[in-house]
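Here, each number is a calculation from the coordinates, and none is a lab measurement. Quantities reported herein were computed from a predicted structural model and do not represent experimental measurements. FYI the Cβ positions are ideal-geometry reconstructions off the backbone, even for glycines, and counts take in every protein chain you see.
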Amino acid sequence: MKKEITLAGKNYILIGTAHISKDSIEEVSEVISDIRPDAVCVELCAGRYESIRNADHWKSMDIVKVVKEGKAPMLMMNLILSAFQKKMGDKLGVKPGAEMVKAIQIAEETGSEIVLADRDITITFKRAWGILSFWEKIKLFGQIFVSVFETPDISEDEVESLKEGDMLTEAIDMMAKELPGIKSVLIDERDRFQAAKILEAKGESIVAVVGAGHIPGIIHHMENPGDISELETTPPPGKTGKILKWGIPLGILAIIAYGFFGMNTDVSLEMLKRWVLANGILSALGALLAGGHLLTVLVAFVAAPITSLNPTIAAGWVSGLTEAWIRKPKVEDFENLPVDITSVRGFRKNEITRILLVVVLSNLGSTIGTFIGIPLITSLL
């Protein structure tokens, strides 16, 4: 799919691609080689560009820092999405993002300036994650997690048909009905962002290589440009989130305190026991399902009842750091990461992904334990 528009005396050619398409690679190569534009814009941010240029970028990752900074869920989501795309690419014999690699290669050969037109993927994930409710997050994570362990049944003809827009638009519309916030962040906002970056490209002849589904939105925003500064920030937590973050722990402590002072010690102790068991058992179960070490499972059990009452720390951080301390990732874990993320066995075997699983599943268990624990202790009042 190729669209050509002229704005303010500058000629723009937008190439809409399927990210696992052989035809897209050929089209990108031919267009850039023939036109030799002043600039080539690619649907990449700095982080993804570096991962393409440096195949060993995983080896520089500090997994402990990732856990401490609370970035484990974001990294896990990124890995799962990469795994699903890789499996589709393997089925068709095409490396995901190969058309972007080709665009960069030809741009360098022709002397064209390379423009990274996409928004930082971390900001995109954080903005998407921040506007979802708790249950929407669980639903999204579950759907994506399951998808990585399924073998995609899709032909090369079906991939190419996605570039026509109909199937892709239908898929986006279906997603919008389920999780409208995801569409606005993953599609609409990035259309605006990429349109602005393409317009900023220097020269009179510009080629932009983007996903086919973005073409209509990008053209619309190029013709109707606006300020994108707010798209580069992560919105602060809403008032409701802050109230729940601090209100739930304070409310639980108040209930236990009332049981101790307003009723009797036995009631208060029973409340504490139920709270510890509800949080501890489910968080420990999460660590166990992730393949965590026995000590990690025990730490999750002990930490969850405490961290669930402390909004500044999460059970998964404690259990994840414990797992990282016991089973430090080895060089081979970083080397095998691209392959290991494509299977259940690989996810639980690789030290890096196992740590991430421990963090995510321990936190999930503790959160579910909190929702179960609240009615268990209030029933004693």
The simple spin-label model distance between residue 245 and residue 69, using points 7 Å out along Cα→Cβ, in nm, is 1.8 nm
Taking the Cβ of residue 118 as the centre, find all other residues whose Cβ is under 10 Å away and add up their charges (Lys, Arg: +1; Asp, Glu: -1). +2
In whole Å, what are the Cα extents of segment 239-378 along the three principal axes, biggest one first? 59, 34, 22
Could you count how many Lys pairs in segment 239-378 have their Cα atoms under 30 Å apart, skipping same-chain pairs fewer than 8 positions apart? 4
Of 298, 359, 288, which is farthest towards the positive pole of segment 239-378's charge dipole, taken about the Cα centre with +1 and -1 on the beta-carbons of Lys, Arg and Asp, Glu respectively? 359
Show me 218-225, 285-292 ranked by packing, highest mean number of other Cβ atoms within 10 Å first. 285-292, 218-225
Mind checking segment 190-280 for trypsin sites (Lys or Arg not before Pro) that DSSP puts in a loop (not H, G, I, E or B) and that have at most 10 other Cβ atoms within 10 Å? 202
